[in-house]
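I have placed the structure first, in the form of C-alpha cells, so that the comments after it can refer back to it.
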Amino acid sequence: MTTIAVSIDRILEGVYAHSAAHNINGDNERPEILGRDHKPMLRVLCRDTLSGIAMTMGPALKASNLAEEPMPDIIKFEMTLPQFLIPDMLRAAIETAVAAGVLAKAWGGSTNPIFGRYTEICRMATDTIRGLLASGPLPGAISPTA
C-alpha cells in the first residue's frame, strides 16, 4: 500500500503560474489573472477536480481523506500501485491534471480558447493516470504456479 499526498497549495501555485503566464502571452481576450484572492474558490475547484480524477483510479484506490470536512490541505490517496510506478511521479501527474482541471473550470465561461485547451490537458493527463494504474497486476488475480 502506498500513500500519495497531494498538496492543495502546491496545485494552486501551478494554477497561479499558468494563469499569469497565459495573461502575459495571450493574444485573445484575457481572463482575469487567478491569484491568492481567489484561493477559497480555487480550493473548491481543486477538490471537485480531484474527486473526478479519483473516480478514474479504479481498484488501485483503496482510501482517501478527500471528502473530509473541513477540506484538508493535504489530500491523501491510499493506493496499490504497479511496481514500476514511482509514487512521486504519480503525485506530480495528479497535480498537473488537477491544475489543468481547475484552470478549465475557472475559465469555463470565457470566450478565450484556453478553456478548451486546459480541458483537453486535464483529460489527457487523467487518461494517462488511469492507463498507468490499470497496467499493473489485477488485485486478486491468480498467479501462474509453473
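The values are calculated or read from the model by the stated rules, or taken from the named source; none is laboratory data. Bear in mind the structure is a predicted one, so any value in this text is a computation, not a measurement. Reconstructed Cβ throughout: ideal geometry from the backbone, glycine too, with neighbour counts over all protein chains shown. We work out accessible area using only protein heavy atoms, side chains counted, and drop any ligands, DNA or RNA first. Shrake-Rupley method; radii C 1.70, N 1.55, O 1.52, S 1.80 Å.
Observations on the model:
- Filter result (of a type outside the set (Asp, Glu) and more than 13 Å from ARG91 (Cβ to Cβ)) within the range 9-22: LEU12, VAL15, TYR16, ALA17, HIS18, SER19, ALA20, ALA21, HIS22
- All told, VAL44 meets the bar of being outside any loop (DSSP other than H, G, I, E, B), modelled with pLDDT of 90 or more, of a type outside the set (Lys, Arg) and open to solvent by 40 Å² or more (accessible area, probe 1.4 Å).
- Total residues in the range 109-138 satisfying the condition of being touching a residue at least 40 places away in the same chain (Cβ under 8 Å), under 22 Å from LEU34 (Cα atoms) and assigned to a loop (DSSP other than H, G, I, E, B): the figure is 4.
- Yes/no for GLU78 being surrounded by 14 or more Cβ atoms within 10 Å (Cβ to Cβ), more than 15 Å from the chain's Cα centre (by Cα) and farther than 13 Å from ILE129 by Cα: yes
- Any hit, the range 61-71, residues being touching a residue at least 40 places away in the same chain (Cβ under 8 Å) and either more than 22 Å from SER135 (Cβ to Cβ) or β-branched (Val, Ile, Thr) (or both): yes
- The residue that is nearest to the chain's Cα centre (by Cα), among those in the range 81-93 that are among the aliphatic types (A, V, I, L, M) and either closer than 16 Å to ASP9 by Cα or surrounded by 15 or more Cβ atoms within 10 Å (Cβ to Cβ) (or both), is ALA93.
- Scan of the range 124-146 for residues that are modelled with pLDDT of 90 or more and loosely packed, with under 14 Cβ neighbours inside 10 Å, ordered by number: MET124, ASP127
- Among residues of the range 94-123 being modelled with pLDDT of 90 or more and more than 15 Å from HIS18 (Cβ to Cβ), the one that is least open to solvent (accessible area, probe 1.4 Å) is ILE94.
- Test: residue in the range 2-14 that is over 18 Å from the mean Cα position of the chain (by Cα), of a type outside the set (A, V, I, L, M), within 22 Å of PHE115 (Cα to Cα) and part of a helix (DSSP H, G or I): no
- Some residue of the range 50-72 being of a type in the set (Ser, Thr, Tyr), buried (at least 18 other Cβ atoms within 10 Å of the Cβ), within 18 Å of ILE4 (Cβ to Cβ) and in contact with a Lys or Arg (Cβ under 7 Å, 6 or more places away or on another chain): yes
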